[in-house]
1. Got at least one residue in the stretch 101-115 being in a loop (DSSP other than H, G, I, E, B) and not assigned by TED's automatic domain parsing to the domain that holds LEU292?
2. Give the stretch 95-110 a look and list any residue that's acidic (Asp, Glu) and within 14 Å of the ligand (Cβ to nearest atom), or say none.
3. Could we say that LEU75 is of a type in the set (A, V, I, L, M, F, W, C) and not assigned by TED's automatic domain parsing to the domain that holds CYS44 here?
4. Which residues, counting only those in the stretch 213-246, are over 21 Å from PRO156 (Cβ atoms), in contact (Cβ under 8 Å) with a residue 24 or more places away in the chain and surrounded by fewer than 22 Cβ atoms within 10 Å (Cβ to Cβ)?
5. For the stretch 148-161, give me the residue count where each residue is buried (at least 23 other Cβ atoms within 10 Å of the Cβ) and assigned to a helix (DSSP H, G or I).
6. Please verify whether ALA66 is among the small types (Gly, Ala, Ser) and either more than 16 Å from the ligand (Cβ to nearest atom) or crowded, with 16+ Cβ neighbours inside 10 Å (or both), treating the condition exactly as stated.
7. Every residue in the stretch 176-213 that is modelled with pLDDT under 85 and either outside the structural domain of CYS233 (by TED's automatic domain parsing) or aliphatic (A, V, I, L, M) (or both), please.
8. Considering only residues that are surrounded by 18 or more Cβ atoms within 10 Å (Cβ to Cβ) and either in contact with a His (Cβ under 6 Å, 6 or more places away or on another chain) or of a type in the set (Phe, Trp, Tyr) (or both), which ones fall in the stretch 174-208?
Amino acid sequence: MFPRMLWPRQLIHLRTDFFGLEMEINLSSHPLLFTLLGFLLGACLGSFLNVVVTRAPKGISVIRPASRCPHCSVLIPWTLNFPVFGWIFLRGRTKCCANKIPLRYLGVELFTGLAFGWSFHCFHVQPDLGMLLASCAFAWLMIGVVAVDAETMLIPDRFSIGGTFVGLGLCLYFPSIQGVVFHSFGAERMLSAIQCLLGILVGSGLLYWIGALASRVFGREALGEGDIKLLGCVGAFCGWKGAVFSIFGGSLLGCLLLLPCLLAQHLKSKKNSSAEDKFLGMEIPFGPYLSLAGIGYFFGLREWVDPWFKWLEYFPG
Ligand SMILES: [Zn+2]
């Protein structure tokens, strides 16, 4: 019997002692409560993710020192650090010196909460501990990459390389993440690890070659090393099909989102001739679009994307 078939029941069965009255809550019979629990856990881990996003590019420890106001260095009490609600309660301004708290803090906490809430909801429908852990870990990593790359144009290795190893470890332990269902436990793990490695190699390798060719054509570096390592992480969680989709889906998403900006800039450039040159020469981070496409694939687009790869079966070998 697989351990993953047994764990869910134990995981969602809570026993509490409330004012001497022993209570048993079986969360499996309260889907809304279970989803809410996922949201709260996600929001708390999103709050921690904000700390990682702020400190990782500077090489500062994410544990010490405790959170301080970036403007006046006053220690932030835990009551004001409450995820999502803290930002709303303070209306986006610090209590100590009334300076603006970036909207990114609310966005990261809210979207991590929503992703965890959705994962917990799906887990309730289909109890699969591996998929629950993988979807929470993948969403946490990718939301972090969106925030850190958009802000600093850097993807720290702890997200890309660290995330790749987390994905590999999870796929080794929970073969269901790669959609592998076999009868022999050993073979199941082996096949899942191979699929995961294939995802890492196809993702990073394909993006490396696209970047190398684009650099030749445009005469300057088109893709950063961070993007190549990031796509290894996407491949580890999503497999090679997900990695290929993320490259093309991410490019399409980038074009769709940047096109209105380009048009607006073009209209502006009629007044100011240097504005268009400035936009065309601008460096745009690719990581956020790759990450969003990866999240899209993992959280539902997979069923729509995978049949597109069916044509590969017609190739011999
Ligand atoms: Zn302050």
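1. Yes; the residues of the stretch 101-115 include at least one that is in a loop (DSSP other than H, G, I, E, B) and not assigned by TED's automatic domain parsing to the domain that holds LEU292.
2. Scanning the stretch 95-110 gives no hits.
3. no
4. Selection gives TRP240, LYS241.
5. Residues of the stretch 148-161 buried (at least 23 other Cβ atoms within 10 Å of the Cβ): 148-149, 155, 159-160.
Still in the list and also assigned to a helix (DSSP H, G or I): 148-149, 159-160.
Summing the residues that are buried (at least 23 other Cβ atoms within 10 Å of the Cβ) and assigned to a helix (DSSP H, G or I) in the stretch 148-161 gives 4.
6. Numbers: among the small types (Gly, Ala, Ser): yes; either more than 16 Å from the ligand (Cβ to nearest atom) or crowded, with 16+ Cβ neighbours inside 10 Å (or both): no.
Spelling it out, it is not the case that ALA66 is among the small types (Gly, Ala, Ser) and either more than 16 Å from the ligand (Cβ to nearest atom) or crowded, with 16+ Cβ neighbours inside 10 Å (or both).
7. Of everything in the stretch 176-213, those that are modelled with pLDDT under 85 and either outside the structural domain of CYS233 (by TED's automatic domain parsing) or aliphatic (A, V, I, L, M) (or both) turn out to be VAL180, VAL181, ALA187.
8. PHE174
The values are calculated or read from the model by the stated rules, or taken from the named source; none is laboratory data. It should be emphasised that the depicted structure is a prediction, and the values quoted were computed from it without experimental measurement. FYI the Cβ positions are ideal-geometry reconstructions off the backbone, even for glycines, and counts take in every protein chain you see.
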